[in-house]
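Structure, as structure tokens:
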Amino acid sequence: MKISKMLLAGAAFGVAAGAAFAQDAEDPAVRRAKSEVTEIWEPVPALVATPEGQPPSDAVVLFDGTNLDAWEAAEGGPAEWLVADGALSVARGKGDIRTKEGFCDAQLHIEWRAPPNDQGHNGQDRGNSGVFLQERYEVQVLDSADNPTYVNGQAGSIYKQHPPLVNASRGPAEWQAYDIIFTAPIFAEDGSLRVPGYVTVMQNGVVVQNHAQLQGPTEWIGYPSYKAHDCAPIKLQDHDADVSYRNIWVRPL
Ligand code: MG
């Protein structure tokens, strides 16, 4: 079987090589004209500067280490999380915060740090927070360096929907990064789902979600089901843990 496959492959190569030879013999101007058929020249992609260690030039900076101007409390009113040493930290009990601006398809960069593991907390109680896309779809934040829990609830999971492909977690008190590519769900005029949402996540440069299909909004209890919505803010979760964030920027796509 293997040999006959090889013979077939060899024959196919011979035919292809012969065709290439025949093409080479053509008038160069004719060949160029053929190659131009599949060239695209416009529109020219916009230039984006990517200075080392800084957000791309076309990014919307959501937190640059200095202020909460882009944020508000998810329940309304000003965001009351703590800003110090270039980081934004959960003020436990003050509730979730969200961006004032809403987003649809987007690339999001966000760095986070779970607190030191010296408080005797385990499982979902150790460094829990979360990055909610469109206020509904949670990419879990948790200290998962050495902290067993249900795998669709560990760091890098789409909470209660998709476990991460691998555990790329750094230790507690270490900064980690999520780079997220989000394709928002699309709803029909009657509110029914037309196209589900998709999420790709890199944790510390490692792919942990690869175009994972969202089953609906994140639910702690029960199964998700979509409800139509428009573009919506990015929300960060106050889950009663001292989690910090920094270098947050988004590029609407
Ligand atoms: Mg969470």
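The translational diffusion coefficient of the range 200-253, from Stokes-Einstein at 4 °C and 1.567 mPa s with a Kirkwood hydrodynamic radius over alpha carbon pairs, comes to 89 µm²/s. Comparing Gly156, Gly127, Gly216 in a Gaussian network model of the chain (Cα springs below 10 Å), the most mobile by mean-square fluctuation is Gly216.
Magnitude of the charge dipole for the chain, about its Cα centre and with charges confined to Cβ atoms of Lys, Arg (+1) and Asp, Glu (-1), is about 880 debye.
Remark: the Ala46-Asn122 segment gains 22.7 nm on full extension, using 0.36 nm per residue and subtracting the alpha carbon distance. Once the Cβ-Cβ distance of Glu39 and Trp175 is raised to the sixth power relative to R0 = 25 Å, the FRET efficiency obtained is 0.05.
Of the solvent-accessible surface of the range 179-226, computed with a 1.4 Å probe over protein heavy atoms with every protein chain present, carbon and sulfur atoms account for 54 percent. Each residue, Leu253 and Ser57, gets one label point 7 Å from its Cα in the Cβ direction; the gap between the two is 2.2 nm.
Between amide H atoms placed 1.01 Å from N, distances below 5 Å from Tyr137 occur with Thr218, all of them 5 or more places distant or on a separate chain. Take every pair of alpha-carbon atoms less than 8 Å apart whose residues are at least six positions apart; their mean separation over the length of the range 139-219 yields a relative contact order of 25 percent.
The residues packed around Ser144, meaning those with a beta-carbon under 14 Å from its beta-carbon, carry a net charge of -1 if Lys and Arg are +1 and Asp and Glu are -1. Summarising the label geometry, the points placed 7 Å from Cα in the beta-carbon direction at Gln213 and Glu189 lie 2.7 nm from one another. Per-residue Karplus couplings for the range 102-109, computed as 6.51 cos²θ - 1.76 cosθ + 1.60 with θ equal to phi - 60°, are listed in order as x, 9, 10, 4, 7, 9, 10, 10 Hz, Gly and Pro entered as x. For the chain, the longest principal axis of the alpha carbon atoms and the long axis of helix 2-24 meet at an angle near 70°. Ala177 sits among other residues whose Cβ lies under 12 Å from its own Cβ, and their net charge, with Lys and Arg +1 and Asp and Glu -1, is 0.
Among residues other than Ala228 with Cβ under 15 Å from its Cβ, the summed charge is -1 (Lys and Arg +1, Asp and Glu -1). Extending 7 Å from the Cα toward the beta-carbon at both Arg32 and Val151 defines two label points whose distance is 5.7 nm. Taking amide H positions as modeled 1.01 Å from N, with prolines and chain starts lacking one, the residues under 5 Å from Asp105 and 5 or more places away or on another chain are Ala184, Leu253. With 5 Å bins beginning at zero, the pair-distance distribution over Cα atoms of the range 60-252 amounts to 1, 8, 17, 22, 21, 17, 9, 3, 1, 0, 0 %.
Rounded to the nearest 500, the 222 nm mean residue ellipticity of the chain from helices alone is -4000 deg cm²/dmol, with -39,500 (n - 2.57) taken per DSSP H run of at least 4 residues.
Amide H to amide H distances under 5 Å link Leu62 with Ile248, Trp249, Val250, where only residues 5 or more positions off or on other chains count and H is placed in the peptide plane.
The values are calculated or read from the model by the stated rules, or taken from the named source; none is laboratory data. Keep in mind the model is a prediction, meaning the values are calculated, not measured. Cβ coordinates were reconstructed from backbone atoms using ideal geometry, including for glycine residues, and neighbour counts include every protein chain displayed. Just so you know, the surface numbers come from the protein's heavy atoms only, side chains and all, with ligands and any DNA or RNA stripped out. Shrake-Rupley method; radii C 1.70, N 1.55, O 1.52, S 1.80 Å.
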